[in-house]
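The values are calculated or read from the model by the stated rules, or taken from the named source; none is laboratory data. Keep in mind that this is a model prediction, so the values were computed, not measured. Glycine gets a Cβ as well: all are built from the backbone with ideal geometry, and neighbour counts include every protein chain shown. Note: areas computed on protein heavy atoms with side chains; ligands, DNA, RNA excluded. Shrake-Rupley method; radii C 1.70, N 1.55, O 1.52, S 1.80 Å.
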Amino acid sequence: MLVSPDAQMLLTAVLEVMEGAAAGGLPRLRAGVASGLAVTRAGDWYGSPVNLASRVTNAAPPGAVLVAESARAEISDVAGIAWSFAAARHLRGVQGEVRMFRASLARVG
């Protein structure tokens with residue numbers, strides 16, 4: 001689990017870790033990103049965004065980074081990140097349908 005007050009910087013770091021793992025021949029990782037208020041206690045993090053990020057991670061196929069719609073809206077369109085709609089589904093322990101977007105590092109040229 002990674003935590004950052006800046007969702008854009010966190011997503012960029014996750015995408016770079018995913019790319020480095022793939023280039024290094026490591027098993028295909030998967031990641032989920034969510035944003036919101038969480039609390040820390042005894043060195044661990046709790047709250048709805050922590051649960052949501054875990055569920056989004058579980059929904060991600062190997063090699064993919066999925067981003068919950070709330071985090072996607074917070075990050076917005078920034079240079080270097082490519083977006084595509086991935087899915088909308090109900091996730092265990094999360095109220096309502098969650099829209100998820102696939103994020104990847106955009107390649108120029």
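Quick rundown of the values:
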read-out	value
Residue in region 73-85 that is nearest to LEU10 (Cα to Cα), counting only those that are open to solvent by less than 50 Å² (accessible area, probe 1.4 Å) and not in a loop (DSSP other than H, G, I, E, B)	ILE75
Count - residues of region 86-109 that are out of contact with any helix residue (DSSP H, G or I) (no Cβ under 9 Å at 6 or more places or on another chain) and assigned to a strand (DSSP E or B)	3
Extreme residue, nearest to PRO49 (Cα to Cα), among residues of region 89-104 that are more than 12 Å from the chain's Cα centre (by Cα) and open to solvent by less than 40 Å² (accessible area, probe 1.4 Å)	VAL94
Count of residues meeting criterion [open to solvent by 50 Å² or more (accessible area, probe 1.4 Å), closer than 19 Å to ARG102 by Cα and either touching a Leu at 6+ places or on another chain (Cβ under 9 Å) or part of a helix (DSSP H, G or I) (or both)] in region 4-35	7
